[in-house]
Amino acid sequence: MFVVEGRRFPVAELSHLQTARGPHESLWATVLALAVALAFAATLTWRGLGGIVGATLGGAATFVALGAVLMHRRRPRTYELWGMYRGQTVLLFVTADERRFGQVTRALIRAREVARLQQPKPVARSDTDQGTAALGG
């Protein structure tokens, strides 16, 4: 049984496990676009209005870009584990911690291997077994 955040999935019923990364933080992309726009404005202003205004905008662009980088580091993309469960693709596990994600993923893969090995195998009957079965023996 794979249990995560109150949800239960029988390991034998999970298939097609896939890992993925979650989406980027949309605010991060917006702040980065603002930094690029400020840098562009600083370049144009430097030529048109002079060094002080351009330097001020350039400093603001640098500050905003640094904020975007820090924001991206504080909120990294998540790690996601997806799989098929009863015919539907479901998100099985999600975390921002790469180490924990690796541990959970490896544990689930090992559990699936153990479950597969414990399944009863069909018994192959030889020709002599079939002959004796037909004879009642």
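The values are calculated or read from the model by the stated rules, or taken from the named source; none is laboratory data. Quick caveat: nothing in here was measured; it's all calculated off a predicted structure. Reconstructed Cβ throughout: ideal geometry from the backbone, glycine too, with neighbour counts over all protein chains shown.
Exactly one of (1) at pLDDT 70 or above; (2) more than 33 Å from the chain's Cα centre (by Cα) is unmet by THR62. Its number?
With respect to (1) at pLDDT 70 or above; (2) more than 33 Å from the chain's Cα centre (by Cα), THR62 is out only on (2).
Given the conditions (1) surrounded by 12 or more Cβ atoms within 10 Å (Cβ to Cβ); (2) under 20 Å from the mean Cα position of the chain (by Cα); (3) at pLDDT 70 or above; (4) assigned to a helix (DSSP H, G or I), report the number of the one that VAL90 does not fulfil.
It fails just one condition, (4).
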